[in-house]
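Since the structure comes first, as structure tokens, the remarks are kept for the end.
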Amino acid sequence: MSFFRKPVRYTDAEGNTVVKSPGGIPKFVPVILIVVALALLGLSCFTVVSAGHTGVVSTFGKVSENVLQEGFHMKLPWQRVTKMDNRIVKLEVSTEAFSSDLQTVNVNLAVNYRVDTNKSYSIVKNVGTNYESVLMTPAVNEVMKSIMAQYTAEQSITNRNMISTALLDELNEKLADSGIYVSDINIIDFDFSDVYVQAIEAKQVAEQEKLRAKIEQDQLTMEKEAEASRRVIDAEAAAEVARIEAEAAAYAGEKEAVANEKIAASITQPLIEYYKIQQWNGQLPSVTGADTMIRLDGLPEGGAQPASTPEPAGDGQ
């Protein structure tokens, strides 16, 4: 079925074929046009804001401070709604900076940020939707160059966390009025020139050799000190042993002297005579002199001889 009428062919009185175009517009065409216009008008009277987004309404170019939150909203057909993403977004930036010792440092960063919901209209009004390239990237480059100039190339490696923290604080301070909040910064990589990398490697090797020599020297010193300490300890131990032995000998001599004194005090003349008797075999000396005297306590005074002299024990015959 065609929306337009087909041409009419007929033959006139002279026998000629005449083609006559149909005139006028079909009746249903205006109806279709009206339906389409109403549909377009209806679609332009509402908008849907996705989760994590806000809608900034502008009427004939004038931006309203009342942003639309998530969900379904009615609007006037001539109003325009700009959708702003308020979720955390990651921005990767590669920048070149100079350290305090004038070394070129290429830095790769990952910046996590989000747009403040209440400032969405301000960004659309003052910057536009390309705020990432207009605000974020230049701010990151500027602050990174400023911070890297405070550290040497070597310090930038060992103080990565401090640089990240300083970069986060300064970026938030710089972007606070714009309505952009930086939540986290990760330094992905530091890249230096080949000459500097070779110099760092040579320095590390030299420091390792120096450390190894120091360790060996310290080990040798410790061994010598240990040997000296051992000798001192051995000498002290020998002196202590000698002292103990001397004290023991002196103590033993004192005890022996005391014992001898006690023995000497206990020896009397009768006890000496008693021991003589115990040791005498009953035989008189074969040779006597003026000084030879045998005295037996208990015998009658005058030196009387015993009645019989005990004979020495024989061999049993």
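None of the figures in this text is laboratory data; all of them are computed from the coordinates on show. For clarity, every value in this text was computed on a predicted model and none was experimentally measured. Neighbour counts are summed over all protein chains in view; Cβ atoms, including those assigned to glycine, are modelled from backbone coordinates with ideal geometry.
Okay, here's what the table says:
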item: Over 18 Å (Cα to Cα) - which of Lys119/Lys174; Lys90/Lys125; Lys83/Lys125; Lys145/Lys174; Lys62/Lys119 fall in this group; result: Lys90/Lys125
item: Computed magnitude of the charge dipole of the stretch 93-198 (debye, nearest 20; Cβ of K, R +1, Cβ of D, E -1); result: 400 debye
item: Stokes-Einstein translational diffusion, the stretch 89-192 - Kirkwood Rh over all Cα pairs, 0.890 mPa s, 25 °C, in µm²/s; result: 175 µm²/s
